[in-house]
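The values are calculated or read from the model by the stated rules, or taken from the named source; none is laboratory data. Keep in mind that what you see is a predicted model, and the values were worked out from it rather than measured. Methodologically, a virtual Cβ is constructed for each residue, glycine included, from the backbone with ideal geometry; neighbour enumeration extends over all protein chains shown.
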Amino acid sequence: MSTTRRNTSQRLTLVILVLASITAITLDYRGQASSGITSVRNAARDVLSPVQRVLSDVLRPIGDFFSGAVNYGSAVSQNQQLRSQLGALRREALQNQTAEHQLQQILNAEHLPYVQNLPTLLAGVIAGSTSNFQDTFEIDRGKGSGVGVGMPVVAGAGLVGIVLSAGPSTSVVQTITDPGVVIGVRLDAPRALPVEAEGRGTGYPLELSGVTANMSPYKGELVYTSGVMGDSLPAGLPVGTVSSVHYSGGLLTKTVQVAPVASLQGVGYVTVLQWFPTP
Amino acid sequence: MTPRAWSRVALLIVVTVIVQVGVINGLVLEGAHPDLFLLVAIVAGLTAGPQRGAMIGFVVGLVADLFVLTPFGLSSLVFVLVAFGVGATASLPGGRAPNSFRITIAVAGSIAGTLLFTGIGALIGQPHLPRAQLFSVLAVVAIANAVLVIPAGSLMSWAVNIGPASRDLAAVRGGSAVR
């Protein structure tokens, strides 16, 4: 084959493959093939999920062994701190029972969903994100177990993500730190107006937008889901604590960063709140 | 490529999926993990030449897109361009030591692939990563691929039925390396 013909053949192959890829992107974006592509993706994940579970079960103890051997001292110290914190939280919970009852009455009167009344589903984390450009993780519960797209997922102290895709037996959860996530939140102050929290990437704090000059966020202030503005999440889910407040524009605007209260570090199980947003 | 070579390539892709999704996804360093799919596209270009490397890269990209939630076709577009570019570079005349050349190409291909993904993703409205996280991704992917390119290249050579490394460059120079 002459060099010219070979080069022409190579370029033609390149053009055909590039056009095929662009066609696939266009079909996915425009929606004509989106549902079919989603079904194929869910099926592929479900086919691989038994392998993921086995590998996770095999590798986790090995990782825990090495981690425990290296971090034994700090683990003991952390255990003691956690016991002390748990005792304090139990006391606080008992003291807050009356306030909780009053809050539930108010939320019922305003027809806002209350997280404590929602059915929940425990799910195991079986895989992290395959892409370096999305902050997601995979759980071992899907539509067959009652998981639906848009359901909030909590771990530990608060909200950790939202179900992005639900297959028959597995689901993908988008974490609140993913750059594509925007959630409606409220500061802990009385009569605080709802604002939006935006993810900025793995390991980065969330950033609040819509914080007006008359709001006075302070470092350590709790931030909850607002459950209003046609939001897709129920009210009252802890999201994070204010980690920094920067003033700009002559003190007219504030840049507020929020450190998430929930972390997936070393978490094996999460809880899916079986709640759908009001249409 | 012969059907037998394609079946070996398919087997290699299946093993890549299992290792990436089952093991590699959990090896996170500074918010990033290695990308074996990109590595397979790079070694496909290195061993099978620009034309067949691009075809393998296209298939690998479609498979990779099944396990992410970025737009379907984005990975295949990036991998086609990377594999073709790597294959075209590998087929340029000039004496070079195979291993150091492969490592250099792996690093360059990893950086190019990651930046292409970011750039094309931005063009179609995908959220962008913070700059510091992008640097982490570039570093982790490039270093991992530099370490793994030689064994991965041997596996791809077996899959596409290419001879020993000493004949690789001569074989791929024409882009029709595979029997």
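Before moving on, here are some points about what is shown:
- Test: residue in the range A:102-122 that is modelled with pLDDT of 75 or more, part of a helix (DSSP H, G or I) and out of contact with any His (no Cβ under 6 Å at 6 or more places or on another chain): no
- Hey, B:ARG179 at pLDDT below 90 and more than 11 Å from chain A (Cβ to nearest Cβ) or not: yes
- Each residue in the range B:68-113 was checked for being of a type in the set (Ser, Thr, Tyr), free of Cβ contacts under 8 Å to residues at least 24 places away in the same chain and crowded, with 24+ Cβ neighbours inside 10 Å, and 1 of them qualify.
- Hits in the range A:14-47 - residues which are surrounded by 14 or more Cβ atoms within 10 Å (Cβ to Cβ) and touching a residue at least 24 places away in the same chain (Cβ under 8 Å): A:THR38, A:ARG41, A:ASN42, A:ARG45, A:ASP46
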